[in-house]
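Colleague: If you scroll down you'll find the structure; I have some questions about it.
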Amino acid sequence: MRIGILALQGAFAEHRMILEKLGAESFEIRQKRDLEQPMDGLIIPGGESTVMGKLLKELDCYDEVRSRIENGLPVFGTCAGLILLAKEAEGGKVQLGTMDIAARRNAYGRQLGSFAVTAEMKGVGEVPMVFIRAPYITAVSGTTEVLAEVEGKIVAAREGNQLVTAFHPELTADTRVHDYFLHMIAEAKA
Ligand code: GLN
């Protein structure tokens, strides 16, 4: 199993480390050429969604990434990655817009919005959740399933091949959310 990690900006190295722990191969996507490699899944990391969206376009990766996701490539977006996938982005700009969720950017406030909790994620169990200037999901539609809520706000969801978390599982020692994503990829391949 080979997973591409969008490495234009943000917390991509941490995702690679978790995948390594799980025995999954990964590679960094820094330019259009990198998208030619065999890829079973894609991770869009946390960072700054506006910058990442701009770089996707400037590096001419936007159309390719978007159509791969639309065609069923399993994708996992964390934090800024969630915003990039959202069809509605309050306080930001719609970027890839492939997933039936409405995201609110910097939903917990810009500076004081960093905190950690432990909460239940459907299909995974109780997991530590680290939030850093995080968004949350204000609404889901279509076939999107809510996977986790913290204080009444949706912080994880899945729609078919697309998984998003408002928190950063790559910043904890817990590998189970990534393992869940690897299972999504295995299902897609089967
Ligand atoms: N606030 C960032 C954004 O709007 C997301 C923060 C993060 O990814 N940790 O893109």
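Every number here is computed from the coordinates shown, using simple stated rules; none is lab data. Note that the coordinates shown come from a computational prediction; the quantities given were computed from them, not determined experimentally. Neighbour counts are summed over all protein chains in view; Cβ atoms, including those assigned to glycine, are modelled from backbone coordinates with ideal geometry.
Colleague: Quick check on the stretch 13-26: of everything there that is crowded, with 16+ Cβ neighbours inside 10 Å and out of contact with any Leu (no Cβ under 7 Å at 6 or more places or on another chain), which residue is nearest to Leu82 (Cα to Cα)?
Modeller: His15
Colleague: Could you check how many residues of the stretch 156-190 are assigned to a helix (DSSP H, G or I), within 19 Å of Arg66 (Cα to Cα) and without any contact (Cβ under 8 Å) to a residue 40 or more places away in the chain?
Modeller: 0
One line per residue, one yes/no per condition, for (1) within 16 Å of Val155 (Cβ to Cβ); (2) of a type in the set (Gly, Ala, Ser):
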position: Phe76; (1), (2): yes, no
position: Ala80; (1), (2): yes, yes
position: Lys87; (1), (2): no, no
position: Met99; (1), (2): yes, no
position: Ala107; (1), (2): yes, yes
position: Gly125; (1), (2): yes, yes
position: Phe131; (1), (2): yes, no
position: Ala134; (1), (2): yes, yes
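Colleague: Take the stretch 98-123 and flag every residue that is touching a helix residue (DSSP H, G or I) at 6+ places or on another chain (Cβ under 7 Å), small (Gly, Ala, Ser) and within 14 Å of the ligand (Cβ to nearest atom).
Modeller: If the condition is that a residue be touching a helix residue (DSSP H, G or I) at 6+ places or on another chain (Cβ under 7 Å), small (Gly, Ala, Ser) and within 14 Å of the ligand (Cβ to nearest atom), then Ala103 is the only one that fits.
Colleague: Can you pull out the residues in the stretch 148-182 that are farther than 14 Å from Val75 by Cβ and surrounded by fewer than 21 Cβ atoms within 10 Å (Cβ to Cβ)?
Modeller: Listed by number, the residues that qualify are Glu149, Val150, Glu151, Gly152, Lys153, Leu171, Thr172, Ala173, Asp174, Thr175, Arg176, Asp179.
Colleague: So, in the stretch 56-97, how many residues would count as being of a type in the set (Ser, Thr, Tyr) and either within 13 Å of the ligand (Cβ to nearest atom) or crowded, with 23+ Cβ neighbours inside 10 Å (or both)?
Modeller: Matching residues across the stretch 56-97 total 1.
Colleague: Taking the stretch 130-147 on its own, how many of its residues are crowded, with 17+ Cβ neighbours inside 10 Å, away from the ligand (no atom under 16 Å from the Cβ) and over 14 Å from the mean Cα position of the chain (by Cα)?
Modeller: 2
Colleague: Given the conditions (1) of a type in the set (Gly, Ala, Ser); (2) away from the ligand (no atom under 13 Å from the Cβ); (3) more than 20 Å from Val130 (Cα to Cα), and given that Ala13 satisfies all but one, which numbered condition is not satisfied?
Modeller: (3)
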